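First the structure, in the form of structure tokens, and then the observations on it.
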Amino acid sequence: MVIVICFVVACSSSNPYKQGKILYENFCASCHMDDGSGLAANIPPLAGADYLKEAQELLPCIIRYGQQGPIVVNGVTYNNAMPGVPQLTDFEIANVINYINHAWGNDYGYMQIDEVQDILEECQ
Amino acid sequence: MGIGLVLLVGSGCQYNQTERLPVLSSKKLVEGRKVYDTIPPFSLLNQDSQIINNATFAGKAYVADFFFLSCPTICPLMQANMLRIYERFEQEPDLLLLSHSIDPERDTIPRLRQYADNLGVDHRKWHFAYGDKEEIYELADDYFNIVVEDETLPEGFDHSGRLVLIGPRGHVRAFALGTDSTAVDQLMMDIETLLDEI
């Protein structure tokens, strides 16, 4: 009986994007924080972020090359440059995107690796 | 005699409850007496181009750190923890915050002001210091922090990231690693203890 409960609990708390989580914690969490909350109006949140939800096709290029200029996230304007993470491979970028799409209550869909690769080829 | 005993016990209980934070600053013997180092004289500008110096913080408690705006590694989490401290003690006039920029070349006063505005903090409570790089690097020592310019590092600086609590007479009373949120929780309790002295 106890074993069954443990099994159920373990199943429901398992995160299918473990690689993405590890990458996120190593490359992104220092700014966006472990809980995806960002830093006030200096660093945008990822948890519950409308920008994340609506700009899915921009994510691969943002992650690899960074981003500059003002953006609006959940009604707040952010205007600090984000450094890119050039050392992540295409697969790693896909893993990170799929992790953040499903972390902290987010439910923003699953991006296939070939989609990520197509987008990365066209980054400006 | 019975009353005397009760008073003794009463005062004994109170004494045990009010623990004081230790003084962590280095000390030297001067004519046989222990004298603790204090934060040396400093004069910097804050994000509103106001002069801030020892008088700004005299008689109050404050938490100090050393950071720079383009720091991608430890600074955001450090400042997030500073923000937690700010919010917890927002209504407490005897607790101030002081963040020194170690990169005055890039962290100009307008940029520091924008950063402070983005955090949504009262500029008279949380000062962001701009000043002579050498002066700031020397101050870091007194605040139990190490700051080194190192061009081999991607962001150009190496710094220890400690949040340091200074008491009303300029002594270091506690510190915590700014990236360790549990240690910062403890620091907030230390702040409560220190505020009892003021």
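The values are calculated or read from the model by the stated rules, or taken from the named source; none is laboratory data. Fair warning: this is a prediction, and the values are worked out from it, not measured in the lab. For neighbour counting, all protein chains shown are included, and Cβ atoms are generated from backbone atoms with ideal geometry for every residue, glycine included.
Among the residues of the stretch B:41-54, are any under 18 Å from residue B:117 (Cα atoms), in contact with a Lys or Arg (Cβ under 6 Å, 6 or more places away or on another chain) and surrounded by 15 or more Cβ atoms within 10 Å (Cβ to Cβ)? Yes, there is a match, as at least one residue in the stretch B:41-54 is under 18 Å from residue B:117 (Cα atoms), in contact with a Lys or Arg (Cβ under 6 Å, 6 or more places away or on another chain) and surrounded by 15 or more Cβ atoms within 10 Å (Cβ to Cβ). Assess whether residue B:116 counts as being modelled with pLDDT of 95 or more, in contact with a helix residue (DSSP H, G or I) (Cβ under 9 Å, 6 or more places away or on another chain) and surrounded by 14 or more Cβ atoms within 10 Å (Cβ to Cβ). In short, no. Under the condition of being in a strand (DSSP E or B) and at pLDDT 95 or above, the residues counted in the stretch B:29-56 number 6.
Taking residue B:167 as the residue in question, decide whether it is at positive phi, surrounded by 15 or more Cβ atoms within 10 Å (Cβ to Cβ) and either over 15 Å from the mean Cα position of the chain (by Cα) or not β-branched (Val, Ile, Thr) (or both).
Numbers: at positive phi: no; surrounded by 15 or more Cβ atoms within 10 Å (Cβ to Cβ): yes; either over 15 Å from the mean Cα position of the chain (by Cα) or not β-branched (Val, Ile, Thr) (or both): yes.
In short, no.
If the condition is being touching a strand residue (DSSP E or B) at 6+ places or on another chain (Cβ under 9 Å) and either surrounded by 15 or more Cβ atoms within 10 Å (Cβ to Cβ) or under 18 Å from residue B:119 (Cα atoms) (or both), then the stretch A:64-85 contributes A:67, A:70, A:71, A:72, A:77, A:78, A:79, A:80, A:81, A:82, A:84, A:85. In the stretch B:132-153, the qualifying residues are those that are closer than 29 Å to residue B:93 by Cβ and either touching a helix residue (DSSP H, G or I) at 6+ places or on another chain (Cβ under 9 Å) or β-branched (Val, Ile, Thr) (or both), and the one that is surrounded by the most Cβ atoms within 10 Å (Cβ to Cβ) is B:145.
Taken together, B:196, B:158, B:122 contain a single residue that is more than 15 Å from residue B:97 (Cβ to Cβ), without any contact (Cβ under 8 Å) to a residue 60 or more places away in the chain and surrounded by fewer than 17 Cβ atoms within 10 Å (Cβ to Cβ), which is B:158. Note on the stretch B:19-78: among residues that are within 14 Å of chain A (Cβ to nearest Cβ) and among the polar types (S, T, N, Q), the one that is nearest to the chain's Cα centre (by Cα) is B:47.
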